[in-house]
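A short write-up of the structure that comes next.
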Amino acid sequence: MTKRKSDISRRDFLETTGAVIAVATASPVLKADVSSAAPTLADEVEAGVPSTAIRIVVNGTEHRLQVEDRWTLAEVLRDHIGLTGTKIGCDRGECGACTVLMDGKPVYSCSNLAVWADGREIETVEGLMHGDELDPLQQAFVEHDGPQCGFCTSGQLMSAKGLLSHNPHPTAHEVRAAMTGNICRCSNYNHYVEAVLAASTGKNGAAKMKSSDDSENISAAKSRKKTAASATDAGGAR
């Protein structure tokens, strides 16, 4: 016979509640066991929604997934492959926190559909480490106090990695230009530039940034002086 609400004792209530909590606590463990045993597949595709089978290589590992055509690359990396180092900031291609490398080129993963990455190679911040060793770029970020709150750091790292991959010895101006699409709300831009310069040379990034800036300023001053002289000569000729 079912007990009325008023007939339920404190002991009955605690025993029932304890059983429910135990099941709820065990559920994530069971889910983790199943997901770890299964291949990397996005099995959350909603019925009736257009989907596509894709193959992507992420940090050297091949993944074959069935993805909804509307999913972004950031969503697949974070929610379906489990690489949460890629952050979503603005979610509209403006802040750069979600930057990854696609075939070596920095792209906003929040603005690229996963189906567009079919057959491509993707590198995320998790792929920078060499075993238990930090990549020299990551080490330089640490030594030059690049990360502040840290939310934008993975995107900054991947933009910098993309730059150094095709230009191993950039100037300070080239570093700034390459990372202009990455917003740091802590305004720690100079430290990021110093870190990239240090990683490119193995030397003090602050000193190299100053030297590079000085050289660029001297070149700019010479160019302005030459332009002014040309304008003066032209004026005298008239």
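Here are a few things to note about the model shown:
- Screening T153 with (1) under 24 Å from R64 (Cα atoms); (2) polar (S, T, N, Q); (3) without any contact (Cβ under 8 Å) to a residue 40 or more places away in the chain gives one miss only, at (1).
- With respect to the stated conditions, A177 is modelled with pLDDT of 95 or more and either surrounded by fewer than 13 Cβ atoms within 10 Å (Cβ to Cβ) or not in a helix (DSSP H, G or I) (or both).
- Near pairs, Cβ below 8 angstrom, 6+ apart or cross-chain, from the stretch 127-143 (of a type in the set (G, A, S)) to any residue that is part of a loop (DSSP other than H, G, I, E, B): G127/N59; G127/G60; A140/G146
- Residues of the stretch 69-88 satisfying the condition of being out of contact with any helix residue (DSSP H, G or I) (no Cβ under 8 Å at 6 or more places or on another chain) and either within 27 Å of T153 (Cβ to Cβ) or crowded, with 19+ Cβ neighbours inside 10 Å (or both): R78, D79, H80, I81, G82
- Search result, residues across the stretch 116-166 that are within 15 Å of G202 (Cα to Cα) and in a loop (DSSP other than H, G, I, E, B): L134, D135, H144
Rundown of residues vs (1) under 23 Å from I56 (Cβ atoms); (2) not hydroxyl-bearing (S, T, Y), yes/no style:
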{"residue": "K105", "(1), (2)": "yes, yes"}
{"residue": "P136", "(1), (2)": "no, yes"}
{"residue": "A140", "(1), (2)": "no, yes"}
{"residue": "H144", "(1), (2)": "no, yes"}
{"residue": "F151", "(1), (2)": "no, yes"}
{"residue": "M158", "(1), (2)": "yes, yes"}
{"residue": "P170", "(1), (2)": "no, yes"}
{"residue": "T180", "(1), (2)": "no, no"}
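- Filter result for T25 (over 13 Å from the mean Cα position of the chain (by Cα), outside the structural domain of G162 (by TED's automatic domain parsing) and at pLDDT below 95): yes
- Picking from residues in the stretch 126-155 that are farther than 14 Å from A198 by Cβ and in contact with a Phe, Trp or Tyr (Cβ under 8 Å, 6 or more places away or on another chain), the one that is surrounded by the most Cβ atoms within 10 Å (Cβ to Cβ) is T153.
The values are calculated or read from the model by the stated rules, or taken from the named source; none is laboratory data. For clarity, every value in this text was computed on a predicted model and none was experimentally measured. Neighbour counts are summed over all protein chains in view; Cβ atoms, including those assigned to glycine, are modelled from backbone coordinates with ideal geometry.
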